[in-house]
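Input: a single structure, listed below in structure tokens.
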Amino acid sequence: MAKLIDPWGHHDWSSRKYVSEWAESQDEREVEREKIFLSMAKILSSDRQARIHILDLGAGYGALAQFLLSYFSRATAVCQDGSAEMAKLGCRRMKPFKGRFNYVLCDFSKPGWTRKIEGPFDAIVSSIAIHNVRSPEIIRSIYEETYSLVTSGGCFLNFDRMTPSRETQLSWLKTAGFTGVKCFWDGGRRAIIGGYKKPRGTLRHEDWQSRNQKNRSISRKDAKVAKEKRNIVLHLAFLAPWRE
């Protein structure tokens, strides 16, 4: 896999030393973020025994995935990241959950990254990761490709910096195909945004109206045919004595 490069040069994700030091600096923040992670877990399901298959985008060393696997005792997770060093660190930190997770190395800033991930997933989540691609168009494309990995009725939650604006990102989620799109938590510069993939068999309002109009048309035709049949039966019954 090609070296993962930060477009702004802020991070060296290919360096084991840098990744280790960066992760240590994040540990204190993760304690603060546990409240956010808990909010995300409760949005996913109220049943802590639910068998949820989760994809953590830009999982890094697996902070969010670890929290969700601990919260949902029957959950499984796939951690996606573009840094081999980050994935190695994540595997070491997530040893207590051995057998319930695995890492997939791919760069979600490159088109077609979803082909390397075997879905679908009941829930796709991300924490302070997607903004790192730095490009609005790439963020939008990530949302579009993410939609293809969500199972029918599943959801996508992104806890991240709202750059571009929250309203812009919500509109991108809708364009990607998600329904029930909204901001689940607003922390100013950061927020939890997301949406759901429409369950199979669920009709949009306009489709529902169209189908009902069609059904009413068919019903009127059926009623007309039934009336004609009744008239024919009555006519034959009237003629019956003369046929004898």
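In whole Å, what is the distance between the alpha-carbon centres of the stretch 177-192 and the stretch 21-91? Computed from Cα coordinates, the inter-centre distance equals 18 Å.
Taking each residue as 0.36 nm, the span from Arg100 to Ser148 lengthens on full extension beyond its C-alpha to C-alpha distance by 15.0 nm. Between Glu167 and Gln49, the simple label model (points 7 Å from Cα in the Cβ direction) yields a spacing of 4.6 nm. Put simply, the C-alpha atoms of the stretch 56-106 give a gyration tensor, and the ellipsoid matching it has half-axes of 17, 10, 9 Å, longest first. Normalised size of the stretch 28-71, defined as Cα radius of gyration per 2.2 N^0.38 Å with N residues, equals 1.12.
Would you mind counting up the charge near Ile52? Only other residues with Cβ under 14 Å from its Cβ, with Lys and Arg at +1 and Asp and Glu at -1. It would help to have the intermediate numbers written out before the result.
Details: positive: Lys42, Arg48, Arg51, Arg74, Arg100; negative: Asp47, Asp56, Asp122.
Neighbourhood net charge equals +2.
Backbone amide hydrogens, once placed in the peptide plane, bring Ala191 within less than 5 Å of Asp160, Met162, excluding anything fewer than 5 places away on its chain.
Peptide packing for 166-175, 84-93 was compared via the average number of neighbouring C-beta atoms within 10 Å per residue; ordered from the highest value, the list is 84-93, 166-175. Given labels modelled 7 Å from the Cα in the Cβ direction, how far is it in nm from Glu24 to Arg93? Going by the 7 Å Cα→Cβ label model, 1.4 nm.
Classify the stretch 16-196 as rounded, prolate or oblate, taking a ≥ b ≥ c as the square roots of the eigenvalues of its Cα gyration tensor: rounded when a/c is under 1.5, otherwise prolate if a/b is larger than b/c and oblate if not. In terms of gyration-tensor shape, rounded.
Readers should treat all values here as calculations from the given coordinates under stated rules, not as data from a laboratory. Everything quoted here is computed from the prediction, not taken from an experiment. FYI the Cβ positions are ideal-geometry reconstructions off the backbone, even for glycines, and counts take in every protein chain you see.
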